[in-house]
Amino acid sequence: MENYDKLVERISKSANLSAEEIERKVEAKKAKLSGLISKEGAAQIVAAEMGINLDMERLKLNEIFSGMKRASVIGKVVDIFPVREYSKNGRSGKVANLRIADESGNARVVLWDNSHIALIEQGKVVKGNVIEISNANVRNGELHLSAFSDIKLSNEKVDNVMAEKVFEGLKLKDIKVGQSAKIRAIIVQAFEPRYFEVCPECKKRAFEGECKVHGKISPLKRALLSIVLDDGSSTIRSVLFGESINKLGFTDEEIFSLDKFAEKKSYLLGEERIFSGSAKNNVLYNTTEFNIENSECIDLDNLIKELEARP
Ligand SMILES: [Zn+2]
């Protein structure tokens, strides 16, 4: 919401109109587009239609939002993923992904233009470089670069970057499939762990000591734990695998023995933690499930700092 307020303020200054007037225009635009666009996106369109150039200003990575056109940012490359080829709906081409970070946050950058992708392929842009991006479109919180966008190396220093994925402060009732989130919630139910086998070579699911690719193997045993989380807004069935279960305070021995697990289970119920993960669709039941990647004990000092920093 604060991004939106900032945006309205900037447009109102440039247009010499009151903020209320700008907001009315934004609401009208949003209604006209049947609510398919965010308020921020609608404000961008209003600005463009009024001939106001919002592009010159460079944004921090925590200020970008979906629907934005011609965004300009600067960031340090913290991750580069292999260039992939795709073919979809009769079109084919290449796409490259990287992640950049500044001190406010980080974002995935998706390159669709071959001349941009060549920078990655030829090693002209590597991990640790600082790059400047302009004219990017923001979709799903990612910066998408087309042939009209620009990417180049920068000599500016970008330090103290937030390289880790930032999970938005979502509520369970609002979470949608595909979204990542960091949620403060209580464990209200825990089920018995379920066990399955994986191939030691390819780590794929194996059945009765047999891997589809590697034939007879001596499988590794893995565990899956289902719990139910409640954050006050809603409850959600959540799953944890492997190390994520350890992070809840279980040793391997306790995970792989149903008796030992049962003894310790009561300690789980009512436990409040911060869970990070992403929402997935459970195909079997057609429900939304939360896939937990990590959980942390609540650090009161940090929490207070965070609350105080809020405007
Ligand atoms: Zn295998």
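The values are calculated or read from the model by the stated rules, or taken from the named source; none is laboratory data. Treat the numbers as computed from the prediction; the structure is a model and nothing was measured. As a convention, Cβ positions derive from the backbone with ideal geometry for all residues, glycine included, and neighbour counts pool all protein chains shown. All accessible areas refer to the heavy atoms of the entire protein, side chains included, with ligands and DNA or RNA removed. Shrake-Rupley method; radii C 1.70, N 1.55, O 1.52, S 1.80 Å.
Give a residue-ordered list of calculated ³J(HN,Hα) values for region 280-288 (Karplus: 6.51 cos²θ - 1.76 cosθ + 1.60, θ = phi - 60°; whole Hz; x for Gly, Pro).
Here the 3J(HN,Hα) series is 10, 8, 7, 4, 5, 9, 6, 10, 8 Hz.
Treating only the Cβ atoms of Lys and Arg (+1) and Asp and Glu (-1) as charged, compute the dipole magnitude of the chain about its Cα centre; round to the nearest 20 debye.
Values: 48 positive and 48 negative charges, 240 e Å.
Roughly 1160 debye for the chain.
Out of all DSSP beta bridges in region 105-219, what portion is antiparallel? Express it as a percent rounded to 5. Each step should come with its number before you reach the end.
Working: 12 of 16 bridges.
The antiparallel fraction comes to roughly 75 percent.
Mind checking which of V177, V213, V130 has the largest fluctuation in a GNM of the chain, springs on alpha carbons under 10 Å?
For the chain, modelled as a Gaussian network with Cα springs under 10 Å, the answer is V213.
In whole Hz and in residue order, list the ³J(HN,Hα) couplings for region 114-120 that follow from phi through the Karplus curve 6.51 cos²θ - 1.76 cosθ + 1.60, θ = phi - 60°; x for Gly and Pro.
4, 6, 6, 4, 4, 4, 6
How long are the semi-axes of the equivalent ellipsoid of region 1-143, taking √(5λ) for every eigenvalue λ of the Cα gyration tensor, in whole Å from largest down? Before the final figure, lay out each step's value.
Working: eigenvalues 201, 64, 27 Å².
They are 32, 18, 12 Å, listed from largest to smallest.
What share of Cα pairs, in percent, lie more than 17 angstrom apart in region 174-311? Mind showing how you got there, number by number?
Numbers: 6164 of 9453 pairs.
Every Cα pair in region 174-311 considered, those over 17 Å come to 65 percent.
Carbon and sulfur together cover what percent of the accessible area of region 143-275 at a 1.4 Å probe radius? Present the calculation step by step, with values, prior to reporting the outcome.
On the way: 4050 of 8090 Å².
Of all accessible area on region 143-275, carbon and sulfur atoms account for 50 percent.
Could you give me the ³J(HN,Hα) list for region 74-82, computed from phi with Karplus coefficients 6.51, -1.76, 1.60 and θ = phi - 60°, whole Hz, x at Gly and Pro?
Whole-Hz 3J(HN,Hα) from phi for region 74-82: 9, x, 8, 6, 10, 7, 10, 9, x.
As I understand it, the dipole of region 190-291 uses +1 on the Cβ of Lys and Arg and -1 on the Cβ of Asp and Glu, about the Cα centre. Which of F241, G215, A262 lies farthest toward its positive end?
Ranked along the dipole, the leading option is G215.
Give me the 1.4 Å probe accessible area per residue for region 1-51, excluding ligands and nucleic acids, in Å². Don't skip to the answer; put the middle values down first.
On the way: 3060 Å² over 51 residues.
Ligands and nucleic acids excluded, the result is 60 Å² per residue.
For the chain, how big is Rg over Rh, using alpha carbon atoms and the Kirkwood form of Rh?
Working: Rg = 23.4 Å, Rh = 22.8 Å.
Result for the chain is an Rg/Rh of 1.03.
Restricting everything to alpha-carbon atoms, can you work out Rg to Rh for region 230-276 with a Kirkwood hydrodynamic radius?
Working: Rg = 11.7 Å, Rh = 11.9 Å.
Answer for region 230-276: 0.98.
Could you state the angle between the C-alpha long axis of helix 19-32 and the longest principal axis of the C-alpha atoms of the chain, as a value from 0 to 90 degrees rounded to the nearest 10?
Its long axis makes an angle of about 60 degrees.
Which of D79, D174, D113 ends up with the largest GNM mean-square fluctuation for the chain, with Cα atoms connected below 10 Å?
Comparing D79, D174, D113 in the GNM, the peak value goes to D174.
Per residue, how much accessible area does region 209-269 have with a 1.4 Å probe, in Å²? It would help to have the intermediate numbers written out before the result.
On the way: 3360 Å² over 61 residues.
Using a 1.4 Å probe on heavy atoms only, each residue of region 209-269 averages 55 Å².
What whole-number value in Å² describes the accessible area per residue of region 61-197 for a 1.4 Å probe? Each step should come with its number before you reach the end.
Values: 7600 Å² over 137 residues.
On a per-residue basis, 56 Å².
Take every DSSP beta bridge with both residues inside the chain and express the antiparallel ones as a percent of the total, to the nearest 5.
Working: 65 of 72 bridges.
DSSP beta bridges in the chain are roughly 90 percent antiparallel.
I'm a student and want to see the number: the projected area of the Cα convex hull of region 129-248, averaged over all directions, in nm².
On the way: hull surface 49.4 nm².
Value for region 129-248: 12.3 nm².
Using the Cβ atoms and a cut-off under 11 Å, what net charge is assigned to the surroundings of A206, where Lys and Arg are +1 and Asp and Glu are -1? Intermediate results must be reported in sequence, preceding the final value.
Working: positive: K203, K204, R205, K212, K216, K221, R222; negative: E197, E201, E208, E210.
Once positives and negatives cancel, what remains is +3.
Return the calculated 222 nm mean residue ellipticity for the chain, to the nearest 500 deg cm²/dmol, obtained by summing -39500 (n - 2.57) across DSSP H runs with n ≥ 4 and dividing by the residue count.
Values: 8 runs with 78 residues, N = 311.
Per the formula, -7500 deg cm²/dmol.
When we measure straight from the Cα of K216, which lysines land under 19 angstrom away, once same-chain ones fewer than 8 places off are left out?
Cross-link targets: K203, K204.
What angle, in degrees between 0 and 90 and rounded to the nearest 10, separates the Cα long axis of helix 39-49 from the longest principal axis of the Cα atoms of the chain?
20 degrees
Where is the GNM fluctuation largest for the chain (alpha-carbon springs, 10 angstrom cutoff): G242, G141, G75?
G242
Quick check on my link table: of K127/K157; K32/K88; K94/K212; K76/K280, which ones sit more than 22 Å apart, alpha carbon to alpha carbon?
Values: K127/K157 14 Å; K32/K88 31 Å; K94/K212 30 Å; K76/K280 30 Å.
In this structure, K32/K88; K94/K212; K76/K280 lie more than 22 Å apart at Cα.
Pull up all non-local amide H partners of L170: gap of 5 or more, or a different chain, and H-to-H distance under 5 Å with H placed in the peptide plane.
For L170, the qualifying residues are K182.
Whose amide H sits under 5 Å from the amide H of T288, counting only residues 5 or more places off or on another chain, with H placed in the peptide plane?
Amide H neighbours of T288, under 5 Å, 5+ apart: N282.
Accessible area of region 25-107 with a 1.4 Å probe: how many percent of it is carbon plus sulfur?
Working: 2100 of 4390 Å².
Carbon and sulfur together cover 48 percent of it.
If exposed means no more than 13 neighbouring beta carbons inside 10 Å and the site is in a DSSP loop, what's the longest run of the chain without any exposed GluC sites (Glu not before Pro)?
209-311
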